[in-house]
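Participant: Please find one structure pasted underneath; my questions will follow.
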Amino acid sequence: MTDQVNILAISGSLRAGSFNSALLRAAADIAPPRTKISIYDRLGDLPPYNADMDHEPAPEAVADLRRRIADADGLLIATPEYNYSIPGVLKNAIDWASRPVATNVLRHKPVAQMGAAPGNFGTVRAQLALRQVWLWTESRAVVKPEVHVFRAAERFNERGHLTDPTTRELVKQLLEELTIVVDDQRRANRDRPAAGVGTRPPDPAWPAPASAV
Ligand code: FNR
């Protein structure tokens, strides 16, 4: 078993001064030596999901996203909260990644999530909505610690550096938990290769059109 853990980190914000992107940069800094965090920067290149475009060959940015998720041992998501829920751009990326159902690259993928907001609720509601998504995608969501970075402006300095020691410790714990899930999933893939990605028959409870599976 290779010891290195490769994590693809996705921020749900396109904003240059995003707290959530800054939180991911902090995570890359805090990560233990065996964990390598690559930050995904093509969220804005993805077209709006359209089932009529969801066939081979996939749009280039979509194929790139799916490949990068498939190649990663796990995902780290930092999401803002928009109107009490997941920002459309992040949900759009997840929707593209989740198709076709039979080769859903999110299936069994270890996923850790966190979020930052200027207000007092620190993405609580967005993260609850996001947790619900991992149920359908059958991703292996890290349950705790919950990382809700509320009053974010007080925890980052003017250069976007995460200075709050409590938040840094929480992010470190989250990465440690993610690593545990990655190791566990690697064992499962080795012991039960047939349970891996790409072998799932279309769900009879939700038949997708033939063109989409
Ligand atoms: C917001 N914001 C916001 N904040 C919140 O706590 N609950 C919410 O429901 C919303 N809704 C919302 C909708 C829209 C369309 C925008 C643009 C913003 C504020 C939001 O949390 C804030 O802009 C964050 O700073 C966004 O995260 P980044 O860009 O700093 O990562």
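Participant: Cα convex hull of region 141-187: how many Å³ per residue?
Facilitator: Numbers: hull volume 3.4 nm³, N = 47.
Hull volume over Cα atoms, normalised by residue count, gives 72 Å³.
Participant: About its Cα centre, what dipole magnitude does the chain give when the only charges are +1 on Lys and Arg Cβ and -1 on Asp and Glu Cβ, stated in debye to the nearest 20? Could the numbers behind the result be given before it?
Facilitator: Details: 26 positive and 25 negative charges, 56 e Å.
That gives a dipole near 260 debye.
Participant: A further question on this structure: Is there a quick way to get the dipole size of region 4-47? I mean about its Cα centre, with the Cβ of Lys and Arg at +1 and of Asp and Glu at -1; what is the value in debye to the nearest 20?
Facilitator: Its charge dipole is roughly 80 debye.
Participant: Something else: List, largest first, the extents of the alpha carbons of region 1-56 along their principal axes, each in whole Å.
Facilitator: Largest to smallest, the principal-axis extents are 43, 36, 10 Å.
Participant: Keeping the other protein chains in place, figure out the carbon and sulfur percent of the accessible area of region 1-135, with a 1.4 Å probe.
Facilitator: Working: 3190 of 5800 Å².
Here it works out to 55 percent.
Participant: Another question, if that's okay. Which of rounded, prolate, oblate describes region 18-100, given a ≥ b ≥ c as roots of the alpha-carbon gyration tensor eigenvalues and a/c under 1.5 marking rounded, otherwise prolate only if a/b is larger than b/c?
Facilitator: Here region 18-100 falls in the oblate category.
Participant: Let me ask something else about it. Using a ≥ b ≥ c from the Cα gyration tensor of region 99-176 (square roots of the eigenvalues), is it rounded, prolate or oblate, where a/c under 1.5 gives rounded and otherwise the larger of a/b and b/c decides, a/b for prolate?
Facilitator: It comes out prolate by the Cα gyration axes.
Participant: How charged is the neighbourhood of Q132? Take every other residue with its Cβ under 13 Å from the Cβ of Q132, and add Lys/Arg as +1 and Asp/Glu as -1.
Facilitator: Numbers: positive: K91, R125, R131; negative: E138.
Around Q132, the charge tally is +2.
Participant: Select from region 1-98 those trypsin sites (Lys or Arg not before Pro) which occupy a DSSP coil region and have at most 16 other Cβ atoms within 10 Å, ordered by residue number.
Facilitator: Sites meeting the loop and neighbour criteria: R15, R34, R42.
Participant: If you add up the charges near L8, with Lys and Arg at +1 and Asp and Glu at -1, over every other residue whose beta carbon is less than 13 angstrom from its beta carbon, what do you get?
Facilitator: Details: positive: K36, R42, R66, R67, R68, K109; negative: D41, D64, D71, D73.
That works out to +2.
Participant: Relative contact order, percent, of the chain when contacts are C-alpha pairs under 8 Å separated by at least 6 residues?
Facilitator: Details: 373 pairs, mean separation 50.0, N = 213.
Reported relative contact order: 23 percent.
Participant: Amide H to amide H, which residues 5 or more places from I77 or on other chains are under 5 Å from it, using H placed in the peptide plane?
Facilitator: Result for I77 returns I10, A112, Q113, M114.
Participant: Here's a follow-up. May I ask you to list the chymotrypsin sites (Phe, Trp or Tyr not before Pro) in region 20-109 that are in a DSSP loop and have at most 15 other Cβ atoms within 10 Å of their Cβ? Could you put the intermediate results ahead of the total?
Facilitator: Details: sites: Y40, Y49, Y82, Y84, W96; in loops: Y40, Y49, Y84.
Here the chymotrypsin sites (Phe, Trp or Tyr not before Pro) that fit, given the DSSP loop and packing criteria, are Y84.
Participant: State, in angstrom, two size descriptors of region 35-191 derived from its alpha carbons: Rg to one decimal place and Dmax to the nearest whole number.
Facilitator: For region 35-191, the Cα radius of gyration and maximum Cα-Cα distance read 16.0, 48 Å.
The values are calculated or read from the model by the stated rules, or taken from the named source; none is laboratory data. Note that the structure is predicted; figures quoted are calculated from it, not measured. Reconstructed Cβ throughout: ideal geometry from the backbone, glycine too, with neighbour counts over all protein chains shown. The protein model used for the area step is the full one, side chains on, heavy atoms only, and it has no ligands, DNA or RNA in it. Shrake-Rupley method; radii C 1.70, N 1.55, O 1.52, S 1.80 Å.
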